[in-house]
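The values are calculated or read from the model by the stated rules, or taken from the named source; none is laboratory data. Not measured: the values here are computed from a predicted model. Cβ placement follows ideal geometry from the backbone for every residue including glycine, while neighbour counts extend to all protein chains displayed. Note: areas computed on protein heavy atoms with side chains; ligands, DNA, RNA excluded. Shrake-Rupley method; radii C 1.70, N 1.55, O 1.52, S 1.80 Å.
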Amino acid sequence: MFRYFLKRTLAVIPTILIVSVFVFMFVRFIPGDPARRVAGPDATLEDVENIRETLGLNKSIPEQYKDYMLGLMKGDMGTSLKTQRPVTYEIGQRYMNTVRLTVVSLLWSVIAGVLIGVFSGKNRSKWQDYTGMTLAVSGISVPSFWLGLMLISVFAVNLKWFPTVGSEGLKSLVLPSITLGASVAAIIARFTRSSIIEILKEDYIRTARAKGLRENKVVWKHVFRNSMIAVVTVVGLQFGFLLGGSVVTESVFAFPGLGSLLIDSVNFRDYPMIQSLILIFSLHFVVINLVIDLLYAGLNPEIQMQ
Amino acid sequence: MNNENLLNEKHEKDLNYKRDMRSPFSEFVGKFKKQKTAIAASVFILTLIILSLIGNKVVPYDYSEYDYANVLQGPSGDHFFGTDEFGRDIFSRIIIGTKISLFVGLLSVTIGAVAGTALGLISGYYGGFLDSIIMRISDVLFAFPGVILAIGIIAILGPGIGNVIIAVAIFSTPSFARIVRSTTLELKESVFVKAAKNLGASDARILFKHILPGAMSNIIVYYTMTIGSSILTASSLSFLGMGAQAPSPEWGLMLSTGRAYIGLNWHMTFFPGLAIFLTVLSFNLLGDGLRDALDPKLTE
């Protein structure tokens, strides 16, 4: 078990290294002269040279990579071209907002998704199943920015129950987290349903019924617990979806998090900021998937045996 | 005499075989016909395709014509979905916009599918060094949450619908590569592939005649499902200002313009969003139907 944990954890290191090279190469991928592009069309030659200096583009590539990695180790991700403040400062200001939003979205969508999935699965081909699965396929297909704007239009503008924008207090999290979590809840519901249907076919379920257990006990104790092992892995993958989705949702609600910061930075061609944000998003994604994998191994006795 | 008997026997076997086993295709058609929602979805998609071809002949108004006497009108008999801030007819704009969304969705996923399939075949069939390289790169691409990768690519290439297609194609490639690779690994060990190899068939022949057809059903299902999500991603990017630019009647862009008028003119965001929703929904329902009809495990 310990060996599996160690092996899986060490396997992440090369991925993280390659990701860092990718992100480092990012500014260098810009066609033509990156400094010129970053400076924008109206910049003077002097501005361009300044930017070349700031981004360290006047050195050789390996040297630049060395500087970049050394900086990262010290927690230095460069300076924002827009605010002239350290990138880490800007990110620190908004980091917790995005964490709060993603965690709240994940929580409700896991609970709702699992419940819908269980009720659909155990009532296969009945009205509960059709209702649940219609909801789920709609949740997967709905554009989150549209859902967000419609929620704003009804609950914030017309009914005035929630604020339209911002991140003050719990109330301001309600509409954004509904928007962000909808598709995740839908995917989890579909996955839970098929997992439940698979498990219902197992011999031990027949045994449980044969020995006279009440149906509720069979479903919640035997079917539910066993199907959750598979659902855990999907939740991990969905986290990446939430991180990506946060970009769109935060922009819709003008929510001051990392996602809306990314969009602002792209529009401002603030490359050090874009670079660092992409690195942070992917590091989180990789680490969360690692945690989920380990959790999965911990939950599933079959993997422990190997 | 003996030979004739053998031939007769073989002929009889063939006849029995035909009676017992319907061709995989007719079996698929039989199963697919039972999927009512998937059929409805295909009809809707077909309508969209027709509209994208002849849209400019059926729309009631010119999609780009300004009409300052009729700005920001709600839905009515004259303007089914109302008008926008320049008095342009939203219904006509949505119909004309069909072309853009379908084109972006289909083209980006097709590029991703072709590239991913080729890489997956190579990776699974030849294995070794090439396999590790391809899989490492796909691991790295998987380390970026989808939309973030697309935004990164747009940040490098600059905004525009063409770059959106490239971005979506790049991030759908590794999934196809993985799916095709795993099927290739499985089929490579099958008896018919080994037999073909022993008969001296070339690698290309084995890959395209024996392995690719086996992987096809997985590819088709995944392809259909990815079209839906690609249309979503592409319209999100346009919504964020990274894809289509004004005055294009792209649905995501129309929504983003309508945002400023959300309080009183809900129709400006409602209808383009509904168009995206129904289009994506149809592709997802079609994908579900194809999956159920093509999956041999799901026999009743």
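The table below gives the values:
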read-out	value
Among the candidates B:I206, B:I154, B:I148, B:I170, residue that is within 23 Å of the chain's Cα centre (by Cα), more than 11 Å from chain A (Cβ to nearest Cβ) and not polar (S, T, N, Q)	B:I170
Any chance B:T173 is farther than 27 Å from A:F268 by Cβ and touching a Leu at 6+ places or on another chain (Cβ under 6 Å)	no
All positions within segment A:1-28 that are facing chain B (nearest Cβ under 10 Å) and more than 25 Å from the chain's Cα centre (by Cα)	A:R28
Residue within segment B:191-209 that is in contact (Cβ under 8 Å) with a residue 40 or more places away in the chain and under 20 Å from B:I111 (Cα atoms) present	yes
Total residues in segment A:37-52, condition touching a helix residue (DSSP H, G or I) at 6+ places or on another chain (Cβ under 9 Å) and not basic (K, R)	9
Search result, residues across segment A:51-63 that are open to solvent by 50 Å² or more (accessible area, probe 1.4 Å) and either in a loop (DSSP other than H, G, I, E, B) or out of contact with any strand residue (DSSP E or B) (no Cβ under 9 Å at 6 or more places or on another chain) (or both)	A:R52, A:E53, A:N58, A:K59, A:S60, A:I61, A:P62, A:E63
Hey, B:A113 within 14 Å of chain A (Cβ to nearest Cβ) and open to solvent by less than 40 Å² (accessible area, probe 1.4 Å) or not	no
Residue list for segment B:45-77, restricted to those being within 27 Å of the chain's Cα centre (by Cα), surrounded by 14 or more Cβ atoms within 10 Å (Cβ to Cβ) and more than 21 Å from B:V104 (Cα to Cα)	B:V59
Of all residues in segment B:274-300 being of a type in the set (D, E) and within 15 Å of A:S194 (Cβ to Cβ), the one that is modelled with the highest pLDDT	B:D288
Sole exception among (1) within 25 Å of A:S172 (Cα to Cα); (2) more than 14 Å from chain B (Cβ to nearest Cβ) for A:T102, by number	(2)
Which numbered condition A:K66 misses (of (1) open to solvent by less than 60 Å² (accessible area, probe 1.4 Å); (2) part of a helix (DSSP H, G or I))	(1)
Odd one out for A:F2, checked against (1) at pLDDT below 85; (2) within 27 Å of B:I153 (Cα to Cα)	(2)
Matching residues in segment B:136-152 - criterion: being open to solvent by 10 Å² or more (accessible area, probe 1.4 Å), within 18 Å of B:G116 (Cα to Cα) and part of a helix (DSSP H, G or I)	B:R136, B:I137, B:D139, B:L141, B:F142, B:G146, B:L149
Residues being closer than 23 Å to A:T98 by Cα and among the basic types (K, R) - total across segment A:129-179	1
Boolean, A:I152 is within 29 Å of B:I231 (Cβ to Cβ), open to solvent by 50 Å² or more (accessible area, probe 1.4 Å) and not charged (D, E, K, R)	no
Residue pairs meeting the criteria (Cβ under 8 Å; at least 6 apart or on separate chains; first without any contact (Cβ under 8 Å) to a residue 24 or more places away in the chain, in segment A:45-64; second of a type in the set (K, R) and surrounded by 12 or more Cβ atoms within 10 Å (Cβ to Cβ))	A:V48/A:R36; A:N58/A:R52
Yes/no for B:S132 being open to solvent by 20 Å² or more (accessible area, probe 1.4 Å), among the hydroxyl-bearing types (S, T, Y) and within 14 Å of another protein chain (Cβ to nearest Cβ)	yes
Residue among A:T98, A:T79 that alone is within 21 Å of A:F281 (Cβ to Cβ) and crowded, with 20+ Cβ neighbours inside 10 Å	A:T98
Residue under evaluation A:W146, criteria (1) open to solvent by less than 20 Å² (accessible area, probe 1.4 Å); (2) within 14 Å of another protein chain (Cβ to nearest Cβ), criterion not met	(1)
Of all residues making up segment B:225-266, the number that are within 28 Å of B:A177 (Cβ to Cβ), among the polar types (S, T, N, Q) and either open to solvent by 10 Å² or more (accessible area, probe 1.4 Å) or not in a helix (DSSP H, G or I) (or both)	4
Segment A:119-168: number of residues that are β-branched (V, I, T) and within 24 Å of the chain's Cα centre (by Cα)	6
Entirely in segment A:206-306, the helices (runs of 4 or more DSSP H) that have 3 or more residues that are open to solvent by 20 Å² or more (accessible area, probe 1.4 Å), free of Cβ contacts under 8 Å to residues at least 60 places away in the same chain and away from chain B (no Cβ under 14 Å)	A:224-252, A:301-305
Meets criteria (part of a helix (DSSP H, G or I), free of Cβ contacts under 8 Å to residues at least 60 places away in the same chain and closer than 29 Å to B:A234 by Cβ) for A:L180	no
Segment B:271-285, residues that are more than 7 Å from every other protein chain (Cβ to nearest Cβ), open to solvent by 30 Å² or more (accessible area, probe 1.4 Å) and touching a residue at least 60 places away in the same chain (Cβ under 8 Å)	B:L278
Scope segment A:112-155; condition among the β-branched types (V, I, T), in contact (Cβ under 8 Å) with a residue 24 or more places away in the chain and in a helix (DSSP H, G or I); matching residues	A:V114, A:I116, A:V118, A:V137, A:I140, A:I152
Qualifying residues in segment B:217-239 (those that are closer than 17 Å to B:L119 by Cα and either modelled with pLDDT of 90 or more or within 12 Å of chain A (Cβ to nearest Cβ) (or both)) - the one farthest from the chain's Cα centre (by Cα)	B:I219
Residue match in segment B:90-101 (condition: outside any strand (DSSP E or B), open to solvent by 20 Å² or more (accessible area, probe 1.4 Å), of a type outside the set (S, T, N, Q) and farther than 25 Å from B:I276 by Cα)	no
